[in-house]
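The values are calculated or read from the model by the stated rules, or taken from the named source; none is laboratory data. Please read all numbers here as calculations on a predicted model, not as lab measurements. Cβ placement follows ideal geometry from the backbone for every residue including glycine, while neighbour counts extend to all protein chains displayed. Accessible surface areas use protein heavy atoms only, side chains included; no ligands, DNA or RNA. Shrake-Rupley method; radii C 1.70, N 1.55, O 1.52, S 1.80 Å.
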Amino acid sequence: MSHTRKRLVMGNWKMHGSFAANAALLDELVAEAPQAGDAEVAVCAPFPYLAQLQGTLAGSPISWGAQDVSIHTQGAYTGEVSAGMLADFGCTWVLCGHSERRALHGETSDQVAAKAATALAAGLTPVVCVGETLDDRDGDQVECVIGDQLEPVLALGTEALGRLVIAYEPVWAIGTGRTATPEQAQAVHAFIRQSLTQQGAGQVRILYGGSVKAGNAASLFAQPDIDGALVGGASLVAQEFLNIAAA
Ligand code: 13P
């Protein structure tokens with residue numbers, strides 16, 4: 001099997017953490033990260049803790065990112081955080097269009113693509129999240145839904161696509177303990193890969209997310225088009241997260 005793309009294992013802390021809890025988690029990650037194998041390891045934290053990540057992870061192999069970014073570069077947008085602000089103090093990654101933001105904040109696929117473009121312009125690497133609901137899957141609409149979510153992102157063009165990451169996170173597998181089977185995930189990853197390849201961007205990394213644990217990571221990573229994981233709950237437990245990275 002040819003796996004030329006460097007594996008990426010990214011934690012999404014979502015709205016969890018405290019200064020003290022983060023310090024304990026990060027200390028353990030930093031101490032043990034060198035044993036986590038060849039995978040690139042990253043964590044995405046709530047905005048107030050990004051400075052803590054900047055300080056604690058400096059000089060470590062672990063990179064860090066935010067969970068959202070504004071479409072706008074600056075101005076009267078109370079509560080928003082711009083890509084330039086994130087880049088200003090060394091942020092590498094930003095999640096764009098996580099399903100929780102699509103569902104709870106009404107983010108459209110056009111807005112998600114605009115966020116990715118803004119992030120790219122500031123030198124950040126967007127991790128664009130796509131995924132279908134259980135109704136979509138039961139209705140045999142998976143490729144249709146994912147295709148629609150991808151369309152404005154693909155329209156960003158080959159050069160932009162070459163600088164981003166896609167995360168496939170089936171909504172029904174997020175936080176439910178019900179992970180997609182490796183075959184189910186691979187089928188969608190192959191579809192996404194094909195869409196990217198048609199735009200000349202077949203080497204984009206595609207992460208899987210949704211109830212990834214140390215116990216199921218290896219079988220997911222064995223699939224040819226799965227290039228790593230976007231990990232929610234299990235990224236809050238240092239040893240579990242590191243075991244996923246080592247899988
Ligand atoms: P869980 O790993 O908790 O299912 O969350 C997945 C996710 O949404 C990561 O962004």
Given backbone amide H placed at 1.01 Å from N, residues whose amide H is under 5 Å from that of Gly209, ignoring those fewer than 5 places away on the same chain, are Tyr168, Glu169, Leu230
Sparse-neighbourhood loop hits (GluC sites (Glu not before Pro), region 52-155; DSSP loop; Cβ within 10 Å at most 16 others) -> Glu80
Restricting to lysines and to Cα separations under 20 Å from Lys6, and discarding same-chain partners fewer than 8 apart, the set is Lys213
The extension gain from His72 to Phe19, computed as 0.36 nm times the residue separation minus the Cα-Cα distance, is 16.2 nm
A correct Karplus calculation of ³J(HN,Hα) over region 146-162, with 6.51 cos²θ - 1.76 cosθ + 1.60, θ = phi - 60°, whole Hz and x for Gly and Pro, returns 5, x, 5, 5, 7, 3, x, 6, 4, 5, 5, x, 4, 5, 5, 4, x
The rounded separation in angstrom of the Cα centers of region 1-64 and region 195-247 is 14
In order over region 202-219: 3J(HN,Hα) from phi, Karplus 6.51/-1.76/1.60, θ = phi - 60°, whole Hz, x for each Gly or Pro, gives x, 9, 4, 7, 10, 8, 9, x, x, 6, 6, 9, 4, x, 10, 5, 4, 5
Reported to the nearest 10 Å², Leu25 has, with a 1.4 Å probe, an accessible area equal to 20
Of every hundred units of 1.4 Å-probe accessible area on region 1-126, the number belonging to carbon and sulfur atoms, as a percent, is 54
